[in-house]
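The values are calculated or read from the model by the stated rules, or taken from the named source; none is laboratory data. Treat the numbers as computed from the prediction; the structure is a model and nothing was measured. Cβ placement follows ideal geometry from the backbone for every residue including glycine, while neighbour counts extend to all protein chains displayed. The protein model used for the area step is the full one, side chains on, heavy atoms only, and it has no ligands, DNA or RNA in it. Shrake-Rupley method; radii C 1.70, N 1.55, O 1.52, S 1.80 Å.
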Amino acid sequence: MSKKGKTLLVLVALLLAAVSVMIAIAPKNNYSAKLNTVVAVEGAETQPGFTQTVLTVKKDGLYQFSADWWMDEAPGFVTGLIVYDEAGNSVFSVTGNMLTADSAIRNLKKGRYTFRFQPLTSAEAYRAYVTENFPGEEIGEVDESVFFDGTFNMCYLVEIKEYMKNAKLISTLFGVVVGCLLVAIVLAASKKETPAIGKYDERQIAAQGKAYKYGFYTLMIYTLLIVICHAGGVNIPLETSLQALVGILISAAVLATILIMKDAYFRLDENRNSWIVFFVALALLNLAIGAVNIMNGNNIANGMLTTMGNANLFCGVTVVYLLMVILVKTVKDRKEE
């Protein structure tokens, strides 16, 4: 077997091992439901009076409740949510006009859990509900303007998630490892077995130096703008980690644009078509994951774009941009021939 073949075999084996480990340690017991309902409010009356859904936990263990009804427009009432176990005991409760909330980690027994959504159409109803279901909790001022008549399309998303310590960190590291392995596989597969050909010539190396410089300047300017926005109290509707990712993607796009247009992106011993196929597949995969997150409502929490729900979408858009730059460069080269 050639050196190229051996390298590919090792990289593919490492990729399969990484995927197998992630599948083995990933939580297996997650339960979710989406409840769409129309709530009509007229005075103190609502139709329906309440709505509910049931999730069945199949295994004892540590879990976390999640609730989400953050929409484009606020309804004219506050929703009170209480989760009951099979014995009728309240195990989680929360209220909000629009909200995204996670409970503390709880030890749950297997069984059916009922999620009951109660529309609260006045400040008095809200105070009474909180007094009954949140004993000892102080009730602050209630904004009367949030209560008004109308017909509202509500979408309630609820979930019981099996608890996994450092789940976000592990999934992020897994994504980085898999991404690096995929790049390494494409790099190995695209490499031509021609020892006489070097990696980059002197012209390409000079162009790379300029590209890295502009990429660095771009990241500096972006970071400075973020600092100014935070200092000025400007609300940036992106999670902090997503703000950092956007900066990396923008600077990488500037870097890659210069490299592609200066014929300094692809090495002399690489097959360009292999990289283009990889970019297309990468773009489609990331855009598909981003679309699924949007359809499931996982891309926004508390009015902010989340990292976990939008990272793939932003990466996919960046890759599509790079493909467009490659296309422009290809057309330009053909016109010059």
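Worth a mention:
- Computed in the context of the full set of protein chains, the accessible area of the range 192-336 at 1.4 Å probe radius has 69% of its extent on carbon or sulfur.
- Pairwise FRET efficiency - Lys332 versus Leu187, Cβ, R0 = 22 Å, nearest 0.05: 0.30
- In terms of its C-alpha gyration tensor, the range 1-92 comes out prolate, because a/c is 1.5 or above and the ratio a/b outweighs b/c.
- With contributions of -39500 (n - 2.57) from each DSSP H run of at least four residues, the per-residue ellipticity at 222 nm computed over the chain stands at -17000 deg cm²/dmol.
- Taking a ≥ b ≥ c as the square roots of the eigenvalues of the alpha-carbon gyration tensor, the range 192-336 is classed oblate because a/c is 1.5 or more while a/b is no larger than b/c.
- Computed from backbone phi, the HN-Hα couplings of the range 314-327 come to 5, 5, x, 4, 5, 5, 4, 4, 5, 4, 5, 5, 4, 4 Hz, rounded to whole numbers (Karplus: 6.51 cos²θ - 1.76 cosθ + 1.60, θ = phi - 60°; Gly and Pro given as x).
- Summarising the label geometry, the points placed 7 Å from Cα in the beta-carbon direction at Asn107 and Ala231 lie 5.0 nm from one another.
- Element breakdown for the range 1-47 at a 1.4 angstrom probe: carbon and sulfur atoms account for 65% of the accessible area.
- Relative contact order (%) - the chain, alpha-carbon pairs under 8 angstrom, separation at least six: 19 percent
- Spatial separation of Cα centroids for the range 257-308 and the range 61-87, in angstrom: 34 Å
- Qualifying aspartates and glutamates (Cα of each under 17 Å from Cα of Lys210; at least 8 residues distant if same chain): Asp201, Glu202, Asp263
- Sequence ranges 128-137, 33-42, ranked by mean other-Cβ count within 10 angstrom, highest first: 33-42, 128-137
- Counted residue by residue at 0.36 nm each, then reduced by the alpha carbon distance between them, the extension gain from Asn36 to Asn296 reaches 92.3 nm.
- Bridgeable lysines around Lys3 (alpha carbons under 20 Å apart, same-chain partners fewer than 8 residues away excluded): Lys191, Lys192, Lys199.
- Distance between modelled label sites at Leu173 and Lys58, nm, 7 Å Cα→Cβ extension: 2.9 nm
- Solvent-accessible surface of the range 31-162, averaged per residue with a 1.4 angstrom probe and all protein chains in place: 53 square angstrom.
- When each of the peptides 201-207, 85-91 is scored by the mean number of other C-beta atoms lying within 10 Å of its residues, the order from highest to lowest reads 201-207, 85-91.
- Listed by chain and number, the lysines whose C-alpha is less than 24 Å from the C-alpha of Lys168, apart from same-chain residues fewer than 8 away, are Lys28, Lys34, Lys58, Lys59.
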